[in-house]
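One structure below.
The values are calculated or read from the model by the stated rules, or taken from the named source; none is laboratory data. Keep in mind it's a predicted model, so treat the numbers as computed, not measured. Neighbour counts are summed over all protein chains in view; Cβ atoms, including those assigned to glycine, are modelled from backbone coordinates with ideal geometry. Surface areas here come from the heavy atoms of the whole protein model, side chains and all, with no ligands, DNA or RNA. Shrake-Rupley method; radii C 1.70, N 1.55, O 1.52, S 1.80 Å.
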Amino acid sequence: MVLWSYPPTKNQLLVTVGLAIAGASLIAYGAHLSLVNVAPQQARAKARKDYIKDRLRKMLDD
């Protein structure tokens, strides 16, 4: 815990709260974007996996 030599002013408290809210909102927005983009990323990973499996099967069957 930080001990201040003097208490923060009202303006300093408002700026601190505002920055904390802005930071939390950016984190929440980033989490939202991450969750929205999960399905396309999973589809690309599955397509790569299937492609590699097919190529290996073709190479090993010949």
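Roughly how many debye, to the nearest 20, is the charge dipole of the chain about its Cα centre, given +1 on each Lys and Arg Cβ, -1 on each Asp and Glu Cβ, and no other charges?
Details: 9 positive and 4 negative charges, 39 e Å.
Rounded to the nearest 20 debye, it is 180 debye.
Projected onto their three principal axes, the Cα atoms of the stretch 5-62 cover extents of 79, 24, 7 Å, largest first.
Positive end of the dipole of the chain (Cβ unit charges, origin at the Cα centre): among 13, 34, 3, the Cα lying farthest that way belongs to 34. If I compute solvent accessible area with a 1.4 Å probe over the protein chains, what percent of it on the chain is carbon and sulfur? Looking at the chain in its full context, I get 67 percent from C and S.
Report summary: the helix-based calculation at 222 nm, which adds -39500 (n - 2.57) for every DSSP H run with n ≥ 4 and divides by the residues of the chain, gives -29000 deg cm²/dmol.
Using only Cα atoms and rounding to the nearest 10 degrees, what angle (0 to 90) does helix 38-61 make with the longest principal axis of the chain? Compared with the principal axis, the helix lies near 30 degrees. Distance between the 7 Å Cα→Cβ label points at residue 38 and residue 5: 5.0 nm. Between the helical axis of 10-36 and the dominant principal axis of the chain, each derived from Cα atoms, what acute angle in degrees is found, rounded to the nearest 10? Helix 10-36 sits roughly 10 degrees off the main axis of the chain.
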